[in-house]
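This report concerns only the one structure given below.
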Amino acid sequence: MESPAFDLAFEPAYGRAVPVAPGVERITAENPGPFTFYGTNSYIVGASSVAVIDPGPEDEAHYLALMAALAGREVTHIFVSHTHRDHSPLARRLQAETGAVTVGQGPHRPARPLRDGEINPFSESSDLAFVPDIAIGDGQTLSGDGWALTSVATPGHTANHAAFALEGRDILFSGDHVMAWSTSIVAPPDGSMADYMASLERLMGRQDRLLLPGHGGPVAQPTAFLQGLKAHRLGRERAILARIRAGDRAIAEMVKAIYRDTDPKLYGAAALSVLAHIEDLVERGEIAADGPPSLAATYRLL
């Protein structure tokens with residue numbers, strides 16, 4: 001299976017603001033896990049008057065670390081890349097303390113409606129309470145003292161995912177869409193593989209020199225890395241088609257074969273990723289299901 005050159009080297013430096021580029025600092029929340037790596041990265045952009053990107057989970061230690069780093073500085077904006085509970089909840093407390101306006105693409109929403117009898121497996125991970133003061137549109141720019149951030153809509157991981165471009169610097173805060181340490185989870189109905197691939201193509205058309213993600217370290221060579229991510233996803237798609245061609249009909253069968261080197265504890269997430277690919281393949285007319293695509297459906301080639 002083709003893969004980009006993932007980089008697992010990362011020092012989270014919990015509780016400290018780490019300079020990652022001129023005028024940009026990173027503070028990592030201590031919420032490590034299989035989907036968050038060492039934890040969620042919050043970014044501070046600017047000097048005396050700043051913006052915070054992805055304030056993170058509702059965590060006391062992370063809140064205190066942010067407030068310590070922000071001491072003596074005005075916070076005017078709080079940007080949120082998407083509404084998962086490891087990224088957006090602390091925005092409320094930070095706003096109450098600083099008076100900053102919150103910015104995001106909008107409230108949490110799925111990529112498609114739930115089907116009859118379907119349960120959203122990531123519903124508990126979604127921050128349904130977050131509603132931004134400014135629902136920033138794709139391509140819209142907000143600016144402060146010495147910085148300007150432009151929204152780049154990147155649906156796929158979630159329907160309301162946005163990256164933020166630091167104007168004049170060729171730096172993109174890529175949220176969970178592109179991360180150096182791992183591929184992003186794309187899990188229906190919140191996520192959409194067709195949207196994810198289109199967003200990936202969009203970033204491949206940009207000229208960013210540095211990506212600063214929501215988890216882990218920076219992507220220092222975006223062009224090659226993005227090409228690797230695309231190749232990886234297309235390779236996964238080919239693997240799914242090969243398993244159906246070989247006689248697999250159920251997603252559970254495909255997962256055991258395709259993810260044979262993966263910890264079985266992650267098979268649930270892997271099954272959702274396969275479902276995301278399958279929904280895309282069904283929509284494109286390459287395979288058919290015995291009903292609406294689902295984890296329980298059976299599939300065949302057309």
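The values are calculated or read from the model by the stated rules, or taken from the named source; none is laboratory data. Here the structure is a predicted model, which is why all the values come from computation and not from measurement. FYI the Cβ positions are ideal-geometry reconstructions off the backbone, even for glycines, and counts take in every protein chain you see. Accessible surface is based on the protein model in full, side chains and every heavy atom, while ligands, DNA and RNA are left aside. Shrake-Rupley method; radii C 1.70, N 1.55, O 1.52, S 1.80 Å.
Observations on the structure shown:
- Residue check, G117 open to solvent by 50 Å² or more (accessible area, probe 1.4 Å) and not in a helix (DSSP H, G or I): yes
- For the stretch 69-104, the set of residues classified as more than 23 Å from V152 (Cβ to Cβ) and hydroxyl-bearing (S, T, Y) consists of T98 only.
- Total residues in the stretch 121-130 satisfying the condition of being open to solvent by 50 Å² or more (accessible area, probe 1.4 Å) and not hydroxyl-bearing (S, T, Y): the figure is 4.
- Residue among R206, R169, R238 that is under 26 Å from P12 (Cα atoms), basic (K, R) and either open to solvent by 10 Å² or more (accessible area, probe 1.4 Å) or out of contact with any Cys (no Cβ under 8 Å at 6 or more places or on another chain) (or both): R169
Rundown of residues vs (1) surrounded by fewer than 20 Cβ atoms within 10 Å (Cβ to Cβ); (2) in contact with an Asp or Glu (Cβ under 7 Å, 6 or more places away or on another chain); (3) closer than 23 Å to F35 by Cβ, yes/no style:
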residue	(1), (2), (3)
A91	no, no, yes
E97	yes, no, no
G104	no, no, yes
R109	yes, no, yes
P132	no, no, no
I136	no, no, no
Q140	yes, no, no
S143	yes, no, no
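- Condition broken by R115, with the remaining ones in (1) touching a helix residue (DSSP H, G or I) at 6+ places or on another chain (Cβ under 8 Å); (2) more than 19 Å from V50 (Cβ to Cβ); (3) not aromatic (F, W, Y) satisfied: (1)
- Matching option when the condition is open to solvent by 50 Å² or more (accessible area, probe 1.4 Å) and either within 20 Å of S174 (Cβ to Cβ) or assigned to a loop (DSSP other than H, G, I, E, B) (or both), among A5, A68: A5
- Here I27 fulfils each of the conditions (1) within 15 Å of the chain's Cα centre (by Cα); (2) buried (at least 23 other Cβ atoms within 10 Å of the Cβ) apart from (1).
- For the stretch 242-280, the candidate set comprises residues that are within 26 Å of T158 (Cα to Cα) and part of a loop (DSSP other than H, G, I, E, B); within that set, the residue that is least open to solvent (accessible area, probe 1.4 Å) is Y259.
- Matching entry among E25, E58 (being over 30 Å from A239 (Cβ atoms) and out of contact with any Leu (no Cβ under 8 Å at 6 or more places or on another chain)): E25
- So A21, is it under 23 Å from the mean Cα position of the chain (by Cα), small (G, A, S) and surrounded by fewer than 23 Cβ atoms within 10 Å (Cβ to Cβ): yes
- Test: R73 is open to solvent by less than 50 Å² (accessible area, probe 1.4 Å) and of a type in the set (K, R): no
- Taking the stretch 73-89 as the range and being over 16 Å from G144 (Cβ atoms) and either among the small types (G, A, S) or touching a Phe, Trp or Tyr at 6+ places or on another chain (Cβ under 6 Å) (or both) as the test, the residues that pass are S81, T83, S88.
- The stretch 92-149, residues that are closer than 16 Å to A162 by Cα and hydrophobic (A, V, I, L, M, F, W, C): V103, A111, F130, V131, I134, A135, I136, L142, A148, L149
- Meets criteria (open to solvent by less than 20 Å² (accessible area, probe 1.4 Å) and either at pLDDT 95 or above or under 20 Å from the mean Cα position of the chain (by Cα) (or both)) for P222: yes
- Condition met for I53 (buried (at least 24 other Cβ atoms within 10 Å of the Cβ) and either farther than 22 Å from H157 by Cα or hydroxyl-bearing (S, T, Y) (or both)): no
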